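Computed from the coordinates by the stated procedures, all read-outs in this text should not be read as laboratory data. Note that the structure is a prediction, hence the values are computed from the model and not measured. Here the Cβ is made from the backbone with ideal geometry for all residues, glycine too, and neighbour counts use every protein chain on show.
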Amino acid sequence: MRGLRGFGLHRALTNLGFPELCMPEAVSVKVTRKILRELKPKVIAFERRDFTPEIIGLAKEAGMGVFVDRLGEQDTPERWKEAMEWGATGIQTDHPGELVAMLLGKGPITWPCG
């Protein structure tokens, strides 16, 4: 199961005193429940396909941070706003300056940014 391979790394980092250095991928409801039960991370990573209300709800209910990839076609101001509305606490983007400007309310953002 793809989402379970990283458990060894997370456990090793936790044993070394650095659990915050590993961010497991949500993958599915089943994997997310296992992550929450066994690893208890501070943050869970999401891709487009697993960024669903049900999985987001599990993470938020457990008090986890929700970091979502918004790259490629998903890397737009509209998708950033949508991610925040759905509960993202972190967004991975190829346009960090434009995302920060939007977050700080520094005027309208036009697309493409740059």
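Summary table
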{"quantity": "Alpha-carbon gyration tensor eigenvalues x 5, square-rooted, for region 2-103, Å", "calculated": "24, 15, 12"}
{"quantity": "Virtual spin-label span in nm between Ala12 and Leu104, 7 Å along Cα→Cβ", "calculated": "3.9 nm"}
{"quantity": "Over 25 Å between alpha carbons, listed pairs Lys34/Lys81; Lys40/Lys81; Lys30/Lys60", "calculated": "Lys34/Lys81; Lys40/Lys81"}
